[in-house]
Amino acid sequence: MGPMGGKDAGGQDSRFFTTQKKGEMHELRLELHSTDRTAKVDAVKKVIASMTVGKDVSMLFTDVLNCVQTGNIELKKLVYLYLINYAKSQPELTLLAVNTFVKDANDPNPLIRALAVRTMGCIRVDRITEYLCEPLSRALRDEDPYVRKTAAVCVAKLFDIAPALVQERGFLEVLHDLISDSNPSVVANGVAALSEIAETSGRDVMKISASVLQKLLAALNECTEWGQVFILDSLAKYTPADAREAEGIIERVTPRLQHANSAVVMSAVKVILSYMEIMGNGANADAIRNL
């Protein structure tokens, strides 16, 4: 197991939270420039630990940033975590990391590509957004589903900062395309992003058609609990064409009433209740009683 995983590692990592001694910043700076990878990882962990307990370690920004030039994902994650924390207070210095983000967004490793796009999306600095568009556009069409699902959530984050840019670059249309993706996790994240954008903008950007409806119902059986909640909440806002369509959707949703997760159950109830009026008379009374 890696240095950050497992019970033993958790105990070992507690040593990074020890009280700083005089001159420790100078020592940390030397360790951050170490040629030994383990020493460098430990140094960044100490910086993150200090940052976590509220100590100002912004003076080490360029030293930590230099550590990002690595193929080690653990080290890269730590550096990106540091960058996200200090991006607002050090926007000019954060721009120095742009080339690294763009380079990592083209890395052969899909985990690094996803990490770069996600981090750029989390850095809420206006001047970073213009550099995010190209990597994000590629990530939304990436061959790896993990990168695509990460990019979908990033579109919603970008919409918060620059809604006009999201529309201008056609990212909403790409999110609609992701709802037809072959991977259920990508579908769920596409729905989640569109739901978040709809809530922020106050507009219906979901636009569920008959073909999209079938994709959502198919993904419902395969995605995570979190994804199921977003899909069910989207279905609750959909107006079925007639009682037969409403009944068909309810049949697919009903098994969720037995789900162990109460959030999934509540979202399923929301769908069924929202369709009751359409199902409320004549031959549909039996279907309601069966529920």
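The values are calculated or read from the model by the stated rules, or taken from the named source; none is laboratory data. Predicted, not measured: the structure shown is a model, and the values here were computed from it. When we count neighbours, we look across all protein chains shown, and the Cβ atoms used for this are built from the backbone with ideal geometry, even at glycine. The accessibility values were calculated without ligands, DNA or RNA, using every heavy atom of the protein model including side chains. Shrake-Rupley method; radii C 1.70, N 1.55, O 1.52, S 1.80 Å.
Points to keep in mind about this one:
- Output for the range 88-123, where each listed residue is touching a residue at least 12 places away in the same chain (Cβ under 8 Å), assigned to a loop (DSSP other than H, G, I, E, B), touching a helix residue (DSSP H, G or I) at 6+ places or on another chain (Cβ under 6 Å) and not hydrophobic (A, V, I, L, M, F, W, C): Gln90
- For the condition outside any loop (DSSP other than H, G, I, E, B), free of Cβ contacts under 8 Å to residues at least 12 places away in the same chain and either touching a helix residue (DSSP H, G or I) at 6+ places or on another chain (Cβ under 6 Å) or closer than 30 Å to Ala39 by Cα (or both), Asn85 does not qualify.
- Scanning the range 99-111 for residues that are surrounded by fewer than 17 Cβ atoms within 10 Å (Cβ to Cβ) and among the aliphatic types (A, V, I, L, M) yields a count of 2.
- Taken over the range 190-205, the criterion of being open to solvent by less than 20 Å² (accessible area, probe 1.4 Å) and closer than 10 Å to Val155 by Cβ is satisfied by Gly190, Ala193, Leu194, Ile197.
- The criterion of at least 1 residues that are in contact with a helix residue (DSSP H, G or I) (Cβ under 7 Å, 6 or more places away or on another chain) and modelled with pLDDT of 85 or more is met, among helices (runs of 4 or more DSSP H) falling completely within the range 189-291, by 210-220, 225-237, 243-253, 262-279.
- Number of the exception - Glu134 against (1) free of Cβ contacts under 8 Å to residues at least 40 places away in the same chain; (2) under 15 Å from the mean Cα position of the chain (by Cα); (3) in a helix (DSSP H, G or I): (2)
- Across the range 168-188, the number of residues qualifying as open to solvent by less than 20 Å² (accessible area, probe 1.4 Å) and under 17 Å from Glu143 (Cβ atoms) comes to 4.
- When we screen Glu27, Glu74 for residues that are open to solvent by 50 Å² or more (accessible area, probe 1.4 Å) and in a helix (DSSP H, G or I), the only hit is Glu27.
- Pairing residues of the range 256-275 that are within 19 Å of Glu222 (Cα to Cα) with residues that are of a type in the set (Ser, Thr, Tyr) and assigned to a helix (DSSP H, G or I), at Cβ distances under 9 Å and at least 6 apart in sequence or on separate chains, gives Arg256/Ser267; Ala268/Thr254.
For (1) among the aliphatic types (A, V, I, L, M); (2) under 18 Å from the mean Cα position of the chain (by Cα); (3) closer than 22 Å to Met25 by Cα, each residue gets a yes or a no:
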site: Thr35; (1), (2), (3): no, no, yes
site: Val53; (1), (2), (3): yes, no, yes
site: Thr62; (1), (2), (3): no, no, yes
site: Lys77; (1), (2), (3): no, yes, yes
site: Asn85; (1), (2), (3): no, yes, yes
site: Val98; (1), (2), (3): yes, no, no
site: Lys103; (1), (2), (3): no, no, no
site: Ala116; (1), (2), (3): yes, yes, no
site: Cys122; (1), (2), (3): no, yes, no
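- For the residues Thr100, Thr129, the requirement of being under 24 Å from Gly202 (Cβ atoms) and modelled with pLDDT under 90 singles out Thr129.
- When Asp56, Asp36 are screened for being at pLDDT 85 or above, within 25 Å of Arg127 (Cβ to Cβ) and loosely packed, with under 12 Cβ neighbours inside 10 Å, only Asp56 passes.
- Filtered by the rule that a residue be closer than 16 Å to Ser185 by Cα and more than 19 Å from the chain's Cα centre (by Cα), the range 233-263 gives no residues.
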